[in-house]
Amino acid sequence: MINSIVSNLFSTTDELCGAEPSGFIDVEIGSDPNFIFVPDSSYVSRNLYDSENNTVIVNSYLECKHYVDGGWDILNQQLNESFFHNALYIFSLLGLLTSFIILKYLKNE
Amino acid sequence: MNKFKSTYSKIILISFFSVLFIIVPFANSIYTDDVYPEKITSDLAFYEVNTCSISLVEFITKNVNVIFQDHYKIVFNNYSSIRCFGRITGIDQINHKFYISIGTNVFINIFFQSFIWLSLISLFKKDRLLVLRRREALSIILSALLFTIYIFVESRYYAKNIYLFDLELVKSYQYLFVYLLFINFLIYCIFEPRKYIFAYLVPYLFIVTTIFSGLNFSLLSMLFLTYGILTILSNRNLIKFLIYISPIVLIWSYQALSLNYYLDPDKIRGFITNSYNFSSVLFTSFYFIIFLIGALELVKTVISKVNYYYLSLHSMLASSLIFILGYLASSNPAFNFFFYYFFGLPKYPTDNSNILTSNQWGEIVSWRGIYPSAESLGELAALSIILFFLFGYENKSINKSNIYIYTLVPLSLFTLYLSNNRTAFLMLVICFMLKLSKELKISYQKKFLYLFLLLTLIILTIGYSNILNVFNSFSTQLTDFAVKYSSDFEESSSVKYIEKINQSESRLPFWVVALSQFAFLINRSEIWAVFFARYNPDAFTLLFGSGPLNLSKHYSEVNIISYKLVSNAEMGFLLPHSSYLVGLIYFGLFGLTLIFTIWSYKILKLKKTNYNLYIVNLFLLINLIKSDSLLYIPSFIFFLLLIMDNQKYTSSRSYE
């Protein structure tokens, strides 16, 4: 749950594929089997994984976005780690908030 | 009766939480799975297959002998997932020794270690109410931000320590900032109402150094940075100072442009930067200035209330504890592991349990206990005895003191003996003599006798044959070694200078011979020669240094031979063994002379106003010639506390 709350705060595509390049035009690929992704020389290649840990290397933002939209993601281990980080993040935010409220309360007392 | 009950319940509560804090995180495991720990043997296949499945506690229940047999070593693996915290991530056998690797994670360490140390601080009574105005809140936020930037600047180091956390993503820093902000907020809220205890806590920093495992900073540095920023925000002169100092910082940074040297911080982790490049020099220079402002401010706040006699007792207790805990850790792998982690040490405690070993020349081998440097440990022990003697002499409460105090003196003396810091011992004797001659107003005959005894002691410490050797070929040992340590193809500018004067003049300049003879007498010929073989300044760096907290350039710029000429042993990470040489790298000749002049002037003033502190400062001034204690945070803060004249600040009351 925590994972999904925090994930919704940030765009997953941005997280996995990096920031959207300026002037990016989203192309409707659908399930066209003849579509060829043109590699972008300025784009740093990334690895994406499916639920069975199969790997695909993406060479452009468009290609990455296409795979992410299709459910490809990062490694399970990385997902685990992200879950814990999201939990720590929420814990820290809640901790800050609670401490601040307690301090305010004590001050008023 | 009620008091007894409350103390009793407090002890139970503390014990309960201590066990909870120590045991529970290392019992992290899935107990419902089918993986059960096995007895450790030379066949390690089971532990190679089942990584991250068995907790340390589970493992120890099956292998109790690991706790006390010294051919086991429990080590941390910071590059481990959060899920794996406290679990066995692998076991290796090298010769007869087993290395049991325990998974830890840098982020969990920040939280876990902070909670432990802050819980300890919170046991002290509050002295004042916590005030959290905008300025304080801003300081906490800015300090957390600075540490986030610090991690960015040192990302090369953290890439090896942080598991699956992309330091190239902005979002990662957002997470880091929130973690650090929360911890920083807690640190300030817990410490601020209890800051009166700071002075007496300083000696214990030698035990609990508070450096986060896997990180290059400590809880203490987070605290100092917050106070530093707070002081700057409240003082316009300091803002002006920062503006005035900016040009030199920019030049330091400019010098590092297009360079990228790296240094593994090893035992000086927490008070050194590991990269030398534009951003790292720029950041670290300001970081150091703010750190210093914060530390000075805290020291100034508490110094007027410090009772040096009590400080001496705490220091003696700390140095004795380092010896006792060090001995425990040296012979017990479990203690070694837990002390490193829970005390936030930069380096594992020693595993040499033979505390009285001698080398082939019959000299005692220095022993460092849990502290990373034997030399600095010796200084702490000697200083604590000096403080006890100087301030106990005047303190009437010494007569009422119990036997426990008198057991601390021999324990501290023994720690000094084990550290094999002969300069500290010699300075201890000189300090006694100075105090006695001042207090007792002794006759000239007795003074002469004292001087004779002192000279005899110096000769015995240095060695009669060594003194004679000064006047023969050994007088140029420093320069000869420096040339020999240089690689044939790569020479530092210092070595080039030495070769030039060797060729051009029939006699070496007086200062070179004097330095060489002095280095020989204090057994620093070889170590300082290694320093000069590496020291490669241009005109600017020679005058103004290459910026504080940065030794990466010094250690990476010029390659020298990789073994020691005298012992033929591997060079390893050999520090310059002189705080002044470190100062020369950081601030250059100009900066070093300026600091030295100001300090000497202060010492001369202290002679008239506060003779005891004058003696202590004299000890420090001389001892730092052959010790690099200022590279360690605890020593740095302890010395800062002793350098400040407490009589300058008005005192309301002293804390015991």
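The values are calculated or read from the model by the stated rules, or taken from the named source; none is laboratory data. Remember, it's a predicted structure, so these values are computed and weren't measured experimentally. With ideal geometry, Cβ positions are generated from the backbone for all residues, glycine too; neighbour counts draw on all protein chains shown.
For every residue, the table says whether it meets (1) surrounded by fewer than 23 Cβ atoms within 10 Å (Cβ to Cβ); (2) farther than 23 Å from B:Thr148 by Cβ; (3) under 23 Å from the mean Cα position of the chain (by Cα).
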position	(1), (2), (3)
B:Ile190	yes, no, no
B:Pro203	no, yes, yes
B:Leu220	no, no, yes
B:Leu233	yes, no, no
B:Ile239	yes, no, no
B:Ile243	yes, yes, no
B:Ser253	yes, no, no
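Taken over segment B:343-380, residues that are among the small types (Gly, Ala, Ser) and either assigned to a helix (DSSP H, G or I) or under 15 Å from B:Ile211 (Cα atoms) (or both) amount to 4.
Here B:Glu505, B:Glu491, B:Glu499 are screened, and the one residue that is among the acidic types (Asp, Glu) and either crowded, with 22+ Cβ neighbours inside 10 Å or modelled with pLDDT of 90 or more (or both) is B:Glu491. Among the residues making up segment B:139-153, a single one is surrounded by fewer than 21 Cβ atoms within 10 Å (Cβ to Cβ), over 11 Å from B:Leu176 (Cα atoms) and within 14 Å of chain A (Cβ to nearest Cβ): B:Ile141. For segment B:168-206, the tally of residues that are facing chain A (nearest Cβ under 9 Å), in contact (Cβ under 8 Å) with a residue 12 or more places away in the chain and among the β-branched types (Val, Ile, Thr) stands at 1.
Among the residues making up segment A:45-79, those that are among the β-branched types (Val, Ile, Thr) and loosely packed, with under 13 Cβ neighbours inside 10 Å are A:Thr55, A:Ile57. The residue that is nearest to the other protein chains (Cβ to nearest Cβ), among those in segment A:80-95 that are buried (at least 18 other Cβ atoms within 10 Å of the Cβ) and among the hydrophobic types (A, V, I, L, M, F, W, C), is A:Phe84. Under the condition of being in a helix (DSSP H, G or I) and either under 18 Å from B:Gly583 (Cα atoms) or in contact with a strand residue (DSSP E or B) (Cβ under 9 Å, 6 or more places away or on another chain) (or both), the residues counted in segment B:258-281 number 3.
Residues of segment A:47-79 that are under 13 Å from the mean Cα position of the chain (by Cα) and within 11 Å of another protein chain (Cβ to nearest Cβ): A:Ile74, A:Leu75, A:Gln78, A:Leu79. Listed by first and then second residue, the pairs with beta-carbon distance under 6 Å, at least 6 apart or on different chains, first residue in segment B:208-220 and more than 16 Å from B:Ile290 (Cβ to Cβ), second modelled with pLDDT of 95 or more and part of a strand (DSSP E or B), are B:Thr210/B:Ser218; B:Ile211/B:Ser218.
Scanning segment B:528-548 for residues that are part of a loop (DSSP other than H, G, I, E, B) and closer than 9 Å to B:Ser494 by Cβ yields B:Tyr535, B:Asn536, B:Pro537. Across segment B:398-450, the qualifying residues are those that are in contact with a helix residue (DSSP H, G or I) (Cβ under 8 Å, 6 or more places away or on another chain) and assigned to a loop (DSSP other than H, G, I, E, B), and the one among them that is surrounded by the most Cβ atoms within 10 Å (Cβ to Cβ) is B:Asn421. The criterion of being over 25 Å from B:Ser315 (Cα atoms) and not hydrophobic (A, V, I, L, M, F, W, C) holds for B:Lys441.
Only one of the numbered conditions (1) among the β-branched types (Val, Ile, Thr); (2) within 11 Å of chain A (Cβ to nearest Cβ); (3) in contact with a strand residue (DSSP E or B) (Cβ under 9 Å, 6 or more places away or on another chain) is violated by B:Ile110, and that is (3). Residues in segment B:31-64 that are exposed (fewer than 13 other Cβ atoms within 10 Å of the Cβ) and either touching a Leu at 6+ places or on another chain (Cβ under 9 Å) or of a type in the set (S, T, N, Q) (or both): B:Thr32, B:Thr41, B:Ser42, B:Thr61. Under the condition of being surrounded by fewer than 18 Cβ atoms within 10 Å (Cβ to Cβ) and under 14 Å from A:Leu93 (Cβ atoms), the residues counted in segment B:168-188 number 1.
What about A:Phe100, is it modelled with pLDDT under 85, within 14 Å of chain B (Cβ to nearest Cβ) and surrounded by 11 or more Cβ atoms within 10 Å (Cβ to Cβ)? Let's see the steps before the verdict.
Details: modelled with pLDDT under 85: no; within 14 Å of chain B (Cβ to nearest Cβ): yes; surrounded by 11 or more Cβ atoms within 10 Å (Cβ to Cβ): yes.
No, not satisfied.
Only one residue in B:Phe85, B:Phe98, B:Phe165 is in contact with a His (Cβ under 8 Å, 6 or more places away or on another chain), surrounded by 16 or more Cβ atoms within 10 Å (Cβ to Cβ) and over 28 Å from B:Ser275 (Cα atoms). Which one?
Details: B:Phe85 fails: in contact with a His (Cβ under 8 Å, 6 or more places away or on another chain); B:Phe165 fails: over 28 Å from B:Ser275 (Cα atoms).
On inspection, the qualifying residue turns out to be B:Phe98.
Within segment B:625-635, the presence of at least one residue that is within 24 Å of the chain's Cα centre (by Cα), of a type in the set (S, T, N, Q), outside any loop (DSSP other than H, G, I, E, B) and at pLDDT below 95 is confirmed.
Take B:Gly228 and tell me if it is in contact with an Asp or Glu (Cβ under 8 Å, 6 or more places away or on another chain), buried (at least 18 other Cβ atoms within 10 Å of the Cβ) and more than 14 Å from chain A (Cβ to nearest Cβ). Show your work before the answer.
Details: in contact with an Asp or Glu (Cβ under 8 Å, 6 or more places away or on another chain): yes; buried (at least 18 other Cβ atoms within 10 Å of the Cβ): yes; more than 14 Å from chain A (Cβ to nearest Cβ): yes.
Considered against the rule, which asks whether it is in contact with an Asp or Glu (Cβ under 8 Å, 6 or more places away or on another chain), buried (at least 18 other Cβ atoms within 10 Å of the Cβ) and more than 14 Å from chain A (Cβ to nearest Cβ), B:Gly228 comes out as yes.
For the criterion of being surrounded by 14 or more Cβ atoms within 10 Å (Cβ to Cβ) and more than 27 Å from B:Pro372 (Cβ to Cβ), B:Lys564 fails. Under the condition of being over 28 Å from the mean Cα position of the chain (by Cα) and hydrophobic (A, V, I, L, M, F, W, C), the residues counted in segment B:69-89 number 3.
Number of residues in segment B:491-525 that are more than 21 Å from B:Ile458 (Cβ to Cβ) and either touching a residue at least 24 places away in the same chain (Cβ under 8 Å) or part of a loop (DSSP other than H, G, I, E, B) (or both) equals 12. Taking first residues from segment B:416-439 that are at positive phi and partners that are among the hydroxyl-bearing types (Ser, Thr, Tyr), the Cβ contacts under 6 Å between residues at least 6 apart in sequence or on separate chains come to B:Asn420/B:Ser366. Taking the listed residues B:Phe165, B:Phe115, B:Phe98, the one that is among the aromatic types (Phe, Trp, Tyr) and away from chain A (no Cβ under 14 Å) is B:Phe98, with no other qualifying.
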